[in-house]
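The values are calculated or read from the model by the stated rules, or taken from the named source; none is laboratory data. What you see is a predicted model; the values in this text were computed from it and never measured. Backbone-built Cβ (ideal geometry, glycine too); neighbour counts: all protein chains shown. These accessible areas exclude ligands, DNA and RNA; they are computed on the full protein's heavy atoms, side chains included. Shrake-Rupley method; radii C 1.70, N 1.55, O 1.52, S 1.80 Å.
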Amino acid sequence: MAGVIVFAEQHGGEIHPVSFELLSKGREVADRLGVELYSVLLGYNVKNIASELIYYGADRVYVFDNPLLEVFDPVRYKHIIASLAIRKKPELILFGATPLGRSLAPRVAVALNTGLTADCIDIRVDEEGDIVQVRPAFTGNIIAYIKTRTRPVIATVRYRVMKPPRRDLERRGEIIVEEAEVLEDTGIKVLKKVRDKEVRLADSEIIVACGRGLRRPEDIRMIEELARLLGGEVGASRPLVDEGWISRDHQIGFSGNVVKPRLYIACGISGSPQHLAGMRDSEVIVAINIDPSAPIFRVSDYGVIGDLYEVIPKLIEKLRSMGRG
Ligand SMILES: Cc1cc2nc3c(=O)[nH]c(=O)nc-3n(C[C@H](O)[C@H](O)[C@H](O)COP(=O)(O)OP(=O)(O)OC[C@H]3O[C@@H](n4cnc5c(N)ncnc54)[C@H](O)[C@@H]3O)c2cc1C
C-alpha cells in the first residue's frame, strides 16, 4: 500500500479550512505519485462531515468516531494516526500548521521513527518522483527545499499559503468507519474547558498589533478598542506573548501567525525580521512608533512618528465621533 494521508482537523464538528487546502495539495501530490489520497478524521459524532473531505479531493476517508475522541488529546490521537500509518504505509502525511497540528505531527513522527518538516509553504514532487518540502528558513531570507530520507514524509503546512481549494459535489469516494483501540488513560486529563474568544488572525481583514512600546498589560485594552472600532482583531509581537500579556493565538511572526490583512496597524513594534516574516505581505501597513529609525517604517505605507499613548486615543476619539461603535 502507498498513499498520501491528510489529517482532517475538526473542532466541534467543524472542519478547519486548512484541511481543505491540504486536500487540494495532497490531491496534486497523490496524482503525481500515482497513489490514492486518504483523509483521517477523528472526533465524536463526526461521521456526517466526512463527505466534505471527499468533495475536496479525498478518495477514501477513515473515520474514528468515539466519545473519547471528542476532546483533542495529542497522545490518543497520535496513537490512532500512527497505527493507521503503520497499516497503510503512506508516502506522505500532511497536517495543518495550526496549534493542534503542531502538537500532533511531531508525536506521530516520533512514533513512526521518521522526520518532520514544520511550517511548509509548499509540497512538490520533483522529476525523480521525490517529495520536496518547501519552507522559509533564516526568518524568511531563504527558501529551503527539503527531502526526507525516511518514510512516511511528515509535514505541517501553513494555513492560507496554498491556492484556495475547489469543492466538487460530484466527487465520489469511500467513507470507512474504523473501530480503533482508543487509549483510555494517556496521563492527560481535561479538568475544565475554558472558552477563550476565538481568534482567527489568518482570516482577519484588519489587524491592530501591539509590541513592546506598550508599558503595561492593561494598556492592551486601548488596542482592543481601536481594533473593535475598525472591526478588526488584535495581534501582538512575541515579547508580549512571552510575558503572558496576551495569548499565543495573537502572536504574529516567524514563530506565530502569518497574516495578510487588508490593513495592518503596528503600534510600538520595531519591525524585527522575525515580526516582518509574519506580516510583510499585508496590503496596507501603518506604523506608529516614536523612533523614526525603526525598521518597521521601511515596510510601511503610512508612518506616524509619535507616542502611541497620544496617537491611539486620538484615533479612537475620531472613530467614535464618526459614529463607529
Ligand atoms: C527564533 C525566534 C523567533 C521569533 N519569532 C518571533 C515572532 O514570531 N514574532 C515576533 O514578533 N517576534 C519574534 N521573535 C522576537 C524578535 O526577534 C523581536 O525581539 C520582537 O519582534 C520585538 O518585538 P517588539 O517590536 O514588540 O519590541 P522591540 O523590538 O523592543 O520594539 C519596541 C518598539 O516600540 C517603540 N516604542 C516604544 N515606546 C513607544 C511609544 N510610547 N509609542 C510608540 N512606539 C514606542 C520603540 O521605538 C521600538 O521600536 C523571534 C525571535 C527568535 C530568536
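Please go through (1) part of a loop (DSSP other than H, G, I, E, B); (2) open to solvent by 10 Å² or more (accessible area, probe 1.4 Å); (3) within 15 Å of the ligand (Cβ to nearest atom) for Val311 and return the number of the only condition it doesn't satisfy.
(1)
All but one of (1) near the ligand (Cβ under 7 Å from one of its atoms); (2) within 19 Å of Glu205 (Cα to Cα); (3) among the acidic types (Asp, Glu) hold for Asp291; which doesn't?
Of (1) near the ligand (Cβ under 7 Å from one of its atoms); (2) within 19 Å of Glu205 (Cα to Cα); (3) among the acidic types (Asp, Glu), only one is false for Asp291: (2).
With respect to Leu42, is the statement that it is modelled with pLDDT of 95 or more and either open to solvent by 30 Å² or more (accessible area, probe 1.4 Å) or not in a helix (DSSP H, G or I) (or both) true?
Yes, satisfied.
Hey, can you tell me all the residues within region 268-284 that are near the ligand (Cβ under 7 Å from one of its atoms) and at pLDDT 95 or above?
Scanning region 268-284 gives Gly268, Ile269, Ser270, Gly271, Ser272, His275.
Pick from Thr156, Thr148, Thr186: which is hydroxyl-bearing (Ser, Thr, Tyr), over 24 Å from the mean Cα position of the chain (by Cα) and surrounded by 12 or more Cβ atoms within 10 Å (Cβ to Cβ)?
Within the list Thr156, Thr148, Thr186, the selection yields Thr186.
Those residues that are closer than 29 Å to Lys192 by Cα and open to solvent by 40 Å² or more (accessible area, probe 1.4 Å), I need them from region 84-106; list them, please.
Within region 84-106, Pro99, Arg102, Pro106 qualify.
In region 107-137, how many are closer than 20 Å to His11 by Cβ and either surrounded by fewer than 19 Cβ atoms within 10 Å (Cβ to Cβ) or at pLDDT below 95 (or both)?
The total comes to 1.
Can you confirm whether Asp242 is more than 7 Å from the ligand (Cβ to nearest atom) and under 22 Å from Lys163 (Cα atoms)?
Judged against the criteria, Asp242 is not a match.
Step by step: first the residues of region 249-267, then only those that are touching a Lys or Arg at 6+ places or on another chain (Cβ under 8 Å) and more than 8 Å from the ligand (Cβ to nearest atom), then the one that is farthest from Val304 (Cα to Cα). Which residue is that?
The residue in question is Val258.
What is the residue count in region 307-325 for residues that are at negative phi and of a type in the set (Gly, Ala, Ser)?
Matching residues across region 307-325 total 1.
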